[in-house]
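Below: the structure, in C-alpha cells.
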Amino acid sequence: MLRLDVHDGPQRRTVELDTDQIRIGRDPECELVLPGDTTVSRVHAMLRLDARGWVLSDWDSRNGTFVNGKAVSEPQLVGPADRVLIGQFVLVLRSDDDELLETADAAGATERRAQLDTGLSARELEVLRLVAAGDSDQQIADALFISVKTVHSHLDRIRDKTGCRRRQQLLRFAIDNGIS
C-alpha cells in the first residue's frame with residue numbers, strides 16, 4: 001500500500017492511498033487534497049503506478065511541481081528518498097516494506113553530508129532543523145540555551161549561505177537537503 005507523508009510546515013500527516021492513480025490538488029475531487037494554499041492548482045499533479053514504479057507528472061500547474069528541488073517538466077519516477085514540493089506542501093512517498101529506522105551511524109553520516117553540501121556549521125544546522133520544525137526564535141533560543149539575538153545571528157548567516165530569505169524558503173531548503 002502507498003503512503004504519503006504530507007508535511008505542511010510543522011504539521012505532518014500520513015495519507016494511505018490504495019489506488020494506482022492519485023490526483024493531487026485543491027479540488028475536493030482529488031484523491032489527495034492539499035487545502036488552504038492558493039499556489040496549489042485545482043488539479044496540480046498526478047501520481048500513478050506503472051511497470052517501472054510510481055511516476056509523478058505536473059498537470060500544467062501555475063506554480064510547478066518539484067522533486068528534490070528540481071522542476072518536473074516531464075513524467076518522473078519518484079521513490080522513498082525523493083521529496084515532492086507542491087506549493088507549501090512536501091510529500092514523501094513510502095510503502096509497507098520501506099525501512100523506517102535509521103542507525104546512529106547513518107544519522108551522523110547524513111549530518112556530515114548536509115554540512116558539506118550546504119556549507120552550514122553544526123550549530124547552524126541545529127537552528128535550521130528547529131526552524132523546519134516550526135519553532136519560533138524564542139523556542140529555538142530556549143532549546144539551544146542561547147539568546148534570541150544569537151538565534152538571529154545564526155539565521156542571518158544561514159540566509160547568507162543559502163540565499164533563502166523567508167522562513168518558508170528555509171523550510172523548503174531544509175527538507176530538500178534532508179535536514180528536517
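The values are calculated or read from the model by the stated rules, or taken from the named source; none is laboratory data. If you're wondering where the values come from, they're calculated on a predicted model, not measured in any experiment. Methodologically, a virtual Cβ is constructed for each residue, glycine included, from the backbone with ideal geometry; neighbour enumeration extends over all protein chains shown. The protein model used for the area step is the full one, side chains on, heavy atoms only, and it has no ligands, DNA or RNA in it. Shrake-Rupley method; radii C 1.70, N 1.55, O 1.52, S 1.80 Å.
If you filter region 42-56 down to residues that are assigned to a loop (DSSP other than H, G, I, E, B) and closer than 22 Å to D27 by Cβ, you find that the one that is most open to solvent (accessible area, probe 1.4 Å) is R42. What do you reckon, is D58 among the acidic types (D, E), farther than 24 Å from V131 by Cβ and within 18 Å of the chain's Cα centre (by Cα)? It is true that D58 is among the acidic types (D, E), farther than 24 Å from V131 by Cβ and within 18 Å of the chain's Cα centre (by Cα). Scan region 141-159 for residues that are over 22 Å from Q88 (Cα atoms) and in a helix (DSSP H, G or I) and the total you get is 13. Across region 57-68, the number of residues qualifying as open to solvent by 50 Å² or more (accessible area, probe 1.4 Å) and touching a strand residue (DSSP E or B) at 6+ places or on another chain (Cβ under 8 Å) comes to 3.
Scanning region 17-31 turns up one or more residues that are at pLDDT below 90, assigned to a loop (DSSP other than H, G, I, E, B) and either open to solvent by less than 80 Å² (accessible area, probe 1.4 Å) or closer than 18 Å to D60 by Cβ (or both). Within region 130-171, being open to solvent by less than 80 Å² (accessible area, probe 1.4 Å), within 17 Å of the chain's Cα centre (by Cα) and of a type in the set (D, E, K, R) holds for one residue alone: D135.
The condition of being among the hydrophobic types (A, V, I, L, M, F, W, C), open to solvent by less than 40 Å² (accessible area, probe 1.4 Å), at pLDDT 90 or above and within 15 Å of the chain's Cα centre (by Cα) holds for L34.
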